[in-house]
Amino acid sequence: MEIVAVINYKGGVGKTTVTANLAGELAYRGERVLLIDMDAQASLTFSFVTPDKWDDAYKASLTIKSWFDAISEGKEPAPLTDYVISPDVNRFLKNEGCIDLICSHLGLINVDLELATLLGGVNLQQAKRNYIKVHGKLREAISGLANSDDYDIVLMDCPPNFNIVTKNAIVASEKILIPAKPDYLSTLGIDYLHRSVNELVKEFNDYVDLDNGTEKIKPEILGVIFTMIQINSGQPISAQRQFISQTKRLGVPTFKSYFRENKTIFSDAPQNLKPVVLNYYSNSTHADVVSEIEAFVDEFEAVLENKGKK
C-alpha cells in the first residue's frame, strides 16, 4: 500500500484538484483509493460530499477531527476504518476500483492547540517520547490499514501549513507530492517545504532512538506537479516556464505532465461531486484537459514503480 501526502505551503495552488483527479483516475483504473482530508477548509470533502449531507451525517462523529479528538482526550482512537465513508462517485467507476473518504471538519484548525498540550513532560526524555507519540499517531493507525487488503493507495490532502496535524501526515507518509503554480510565491514555498520536511525527518528520527518500538521515517518527494498552466503554442507561457526552470534548479524532482488552467470545468467539478477526469467532454479543449490528467497519472504510477524498485 502506497501512502502519499499531497502538500504545499502556498494555498490556492490546486492541491485539492490534483488530489481528487489523481484519486478519480486511479480508481477508474481499478485501484482502491482512500482519501484522508487533513485540511480544515474541507475542500476535498466537499468535492465528494454535499455540505448538507456532511452536516447531517458526518459532522458529529465521522471526520478526521473526531479521530484526533480522541487522542486529545487521552483516549485510544478507534481504527481509521470506523471513520471511512463511501461517496456517490463510486457509481461512475468500474472493475475493482473505489474511492473511500475520511472527511475533514471546519474545527480541525483547533485540534493543533489541543494536541500541543500533550507534548510536555517531566523531563527532556519524557518530552521526546511524547513528541514521538503525538506526531506518530496517524502513522500507527495507517499501518493498521497496510496489514489489510482494503486499499492500494492512501492520499492525504494536507493544509498549507506545518502544524501538528500536517506533521502527522508527513510522518505517516512514504511519498510526498507537491502541487504548485509556477509563480514566485509558490516556488519559494517549495524550497521552504523541502527544508521543513528534512528538519522534521531528522528531529523525529533523532527522538526515535529513545523508543525501540518505533521505526525511523524516510518520506521521499515524488515531485512537483505544476498546476494552473496557461498554454500558448502548445506549451506553458514564457513567464511560467521561467519558474518551472527555477524549481528544477532547486534539485526537487518535477513531473513533465501538468494541469492546465481551465476555471470552467475545474470550478464546476466539486459542485457536481465528480472529478474532471471522470467526465466525458465533446469540446476538444476540455478533452485535452482530461488527456493531460491521464498522462500525469501514467507518470505518477511510473514514478511510484521506480521508487519501489530502489
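Below is a table of values for the structure above.
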{"quantity": "Binned Cα-Cα distance frequencies in segment 1-67 - 10 Å width, integer %", "calculated": "17, 48, 33, 1"}
{"quantity": "Most mobile listed residue (LEU250, LEU80, LEU101) in the chain, GNM with C-alpha springs under 10 Å", "calculated": "LEU250"}
{"quantity": "Whole-angstrom gap from segment 153-175 to segment 191-213, using each part's C-alpha centre", "calculated": "14 Å"}
{"quantity": "Burial ordering of ILE217, ILE99, fewest other beta-carbon atoms within 10 Å first", "calculated": "ILE217, ILE99"}
{"quantity": "For segment 102-233, alpha-carbon Rg relative to the globular expectation (2.2 N^0.38 Å, N residues)", "calculated": "1.19"}
{"quantity": "Spatial extent of the chain: Rg and Dmax, with the Cα atoms as the point set, Å", "calculated": "19.2, 65"}
{"quantity": "Intensity falloff of segment 199-310 expressed as log10 I(q)/I(0), Debye formula with alpha-carbon point scatterers, at q = 0.16, 0.17 Å⁻¹", "calculated": "-0.89, -0.95"}
{"quantity": "Exceeding the 24 Å Cα-Cα cut-off - candidates LYS128/LYS216; LYS128/LYS167; LYS15/LYS307; LYS133/LYS167; LYS59/LYS202; LYS53/LYS175", "calculated": "LYS59/LYS202; LYS53/LYS175"}
{"quantity": "Lys, Arg +1 and Asp, Glu -1 on Cβ, resulting dipole of the chain about Cα centre, debye, nearest 20", "calculated": "860 debye"}
{"quantity": "Fewest-first ranking of MET228, MET156, MET1, using other Cβ atoms within 10 Å as the exposure measure", "calculated": "MET1, MET228, MET156"}
{"quantity": "Two-site label geometry, ASN123 and SER86: point separation in nm, points 7 Å out along Cα→Cβ", "calculated": "5.2 nm"}
{"quantity": "Residues HIS135, HIS286, sorted so that the one with the fewest Cβ neighbours within 10 Å comes first", "calculated": "HIS286, HIS135"}
{"quantity": "Antiparallel bridge percentage (DSSP; both residues within the chain; nearest 5)", "calculated": "10 percent"}
{"quantity": "Residues whose placed amide H lies under 5 Å from that of MET228, excluding near-sequence neighbours", "calculated": "PHE259, GLU261"}
{"quantity": "Amide H contacts under 5 Å for ILE3, placed H, 5+ residues apart", "calculated": "VAL154, GLU174, LYS175"}
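Rule-based calculations on the coordinates, nothing more; no lab input. Note that the structure is a prediction, hence the values are computed from the model and not measured. Cβ atoms come from the backbone with ideal geometry, glycine included; neighbour counts cover every protein chain shown.
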